[in-house]
1. Output the residue which, of all residues in the range B:118-133 that are loosely packed, with under 13 Cβ neighbours inside 10 Å and within 14 Å of chain A (Cβ to nearest Cβ), is nearest to B:Thr296 (Cα to Cα).
2. Scanning for something in contact (Cβ under 8 Å) with a residue 40 or more places away in the chain and surrounded by 23 or more Cβ atoms within 10 Å (Cβ to Cβ), does the range B:299-318 turn up at least one residue?
3. Those residues that are under 12 Å from B:Glu235 (Cβ atoms), in contact with an Asp or Glu (Cβ under 9 Å, 6 or more places away or on another chain) and not aromatic (Phe, Trp, Tyr), I need them from the range B:191-207; list them, please.
4. In the range B:79-108, which residue that is more than 8 Å from every other protein chain (Cβ to nearest Cβ) and in a helix (DSSP H, G or I) is modelled with the highest pLDDT?
5. Of everything in the range A:1-11 that's closer than 14 Å to A:Arg312 by Cβ, in a helix (DSSP H, G or I) and in contact (Cβ under 8 Å) with a residue 24 or more places away in the chain, which residue is nearest to the other protein chains (Cβ to nearest Cβ)?
6. Where the second residue is not in a helix (DSSP H, G or I) and the first is among the acidic types (Asp, Glu) and lies in the range A:146-173, which pairs have Cβ atoms under 9 Å and are six or more apart or on separate chains?
7. State yes or no: is B:Val344 under 17 Å from B:Ala64 (Cβ atoms), outside the structural domain of B:Cys162 (by TED's automatic domain parsing), among the hydrophobic types (A, V, I, L, M, F, W, C) and assigned to a helix (DSSP H, G or I)?
8. Residues that are touching a Cys at 6+ places or on another chain (Cβ under 6 Å), at least 1 per element: which helices (runs of 4 or more DSSP H) completely within the range A:26-115 meet that?
Amino acid sequence: MNRREAAIDLGVRAAFMALVYLAFALQLPNYYTVHGIAALLDGAVLIGTVSIGVGITMLAGEFDLSVGSLAAVTGVVVIKMVGIGIIPSLIVGVLFAAAIGALQGLIIGVLGINSLVFTIGSLIGLRGVALILSHENSVTIPIDQLSDTDFFTTPLLGVFSPLSAGMVIVFVVAGLFLRFTRWGREIYAIGGGRTEAKAAGVPLLRPMIIAFTCSGALAGLGGAVLSLRLGSATPLGFDTLLLSAATTCLMGGIALEGGRGSVVGIAIGLFTLRFLVTGVASLGAPYYVQNLAAGGLLIVVVVVQLLATRHRQRRARMTLALQPG
Amino acid sequence: MLRTSIRSFGLPLRGLAMAAALLSPLMFGHSAARAESKGLLVVFMPPGTDNYLAQWQKGARAKAKDLGYDIKIIESSRDQAEQDSQVQQEIASGEKVSGYIWWPYVNAAGTGSLRALSKTGVPVVFTNQYPIPGTEKFWTAYAGVNDFLNAETAAKALVKACAESKTVKCNKGLIITFPAGYSAGSDREKAFRKAAPNLTVIQSQPSGFMAQEGYKTASQIIPAHKSEITWVYTENDSLADGVIQALKENGLQPGKDVLVVGGVCHGDTTNLLNGSLIGTGVQAAFLEGWSSVQSTYKYLNTKKVLDGAVYLPDDPNKPPSDDGAPHRYNFIPNPWVTNAKADVDSFKLWGYPFKELCNY
């Protein structure tokens, strides 16, 4: 896909997102009020933050299945450490998660283990760590201190709270990193074709470690922030997070085989999914409708994407065949 | 080149049109659901994919209709973060709500959302999970099951069955609980242990709510303790169904070698009637939903809450009256039924027979 085709691809996805938004905005007033949009943005923070990390590993041609468990462990760690202060505990939590991510990247890169296989192990193992650290129960901030975390969702600038503004910053930084830095381009390179990347002198280990560090840190950030906002963490929490993050990435055009996609696409996928799931739930539809709608939407997007790719390839072949000589 | 690219995206555009057509029924379906009524009750709860929760919804809808209220049930995935997002979204909608009914997936983790609901000034009726001490200022009334009483009833029934059994000398046993972090599970476990101090617990294992989860958990732990298990307490009969299957596969005969108690009729009653379960408690999901809506209505009608707790009468034929104010804690009855067919067949509560309350 060349740059122009990629731009059109994003345009079509954005139009699709707008269509989903409009479908619900016609019915739900909170889809166009300041408070409503602020709530939509706040509700997107967890999945948005984690999706960027998952998307980066997908761009590298890998997959991090452990994000939900890592978010849960980090949530437990942060709530248990909240006595040292909200921001310090948040920083400790994110550094802890980044370290776990880096270690996973190092092991996968050095040993050449399939990341799907390895992160299935860490998905299960980290859940066990969360259960041990929490003594198999929810850990909470004292009820009289719940208001200490209100600042996360206090309106900051129009529809933005510190939480949603933070998510936007993470999106921008990740986008700039992937597009304009050497390390970011290396992630695309090893995802687009590992043999070719190696032949071109791109190191394999560094981008692998960076991709998994990002994934770990962002899963930790999402888990930590949400746990602080809720005032508690549960060892079995965030178990649907991986599925939501993967759906977001696929809806945003991140290729499973790696090397193709963008942070803008992830943002589009995120809001397409959030507009749909939030809208269906707000209408009071049964839970299965949420599943049907999200699953159906993903299938529509993937099938249309596949048909478009085949159509484009056929046209390219025909053009080649018609060329003289 | 550009024209070629745009042509190649003609398909996605047609896909957009298809998706628009798919989405439109959702919108129009909602419009039809809103008729004129006395007000709107909004329920936040985990998904109705569990048959207990589906029955709860039926009871709540039936009572809301009876009282002339619209009801909107917002189901979350089994994830407190998702439920919190739904609460924020509902509050932001500015929708005129008469009362909220709050069923958190993880009680402790839901306190922040409960607090947010309470700040709207709309009455909040807590249901199903016993409120955490210290959260009293965030809710108006509790309506639903008493987890402590439920487990205590099951424990006493088990102790009695042990004393009467000619084949089992109860000593060591297992507790299979709801998932880790689900407060109803830990509340029940605490109450069970307190009510049956002479029973030795070899292992307490968090599991889930459904038979397949009970089976999976029991299959993993029974082989290691096969020779010493004399009783098993699960926290509902659905989990017990799974445990009974696992016991049989390990060569143990429920009711003869091992006494099993779930304490909440939940789904199928085959194992109750064939004696694999020693009996059951009728904690009826339908009546819990019904009672939650009734308590909300009683508050809206009187603007009063009476201090203390009340156990709603276990009248076989007549449901409790809609008149008067609710209490702070409004517990549904939890009568015990033995595994004798005659007891099961003759049982009635609030005009509903056992099969209607327990077989779903």
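The values are calculated or read from the model by the stated rules, or taken from the named source; none is laboratory data. Just so it is clear, the structure is predicted and the values come from calculations on it, not from any experiment. Glycine gets a Cβ as well: all are built from the backbone with ideal geometry, and neighbour counts include every protein chain shown.
1. B:Lys119
2. For the range B:299-318, residues in contact (Cβ under 8 Å) with a residue 40 or more places away in the chain and surrounded by 23 or more Cβ atoms within 10 Å (Cβ to Cβ): absent.
3. Result: B:Ala191, B:Ser204, B:Pro206, B:Ser207.
4. Filtering first and then ranking leaves B:Val87.
5. For the range A:1-11, the residue satisfying everything is A:Glu5.
6. A:Asp148/A:Ile141; A:Asp148/A:Gly231
7. Considered against the rule, which asks whether it is under 17 Å from B:Ala64 (Cβ atoms), outside the structural domain of B:Cys162 (by TED's automatic domain parsing), among the hydrophobic types (A, V, I, L, M, F, W, C) and assigned to a helix (DSSP H, G or I), B:Val344 comes out as no.
8. Answer list for the range A:26-115: A:34-59.
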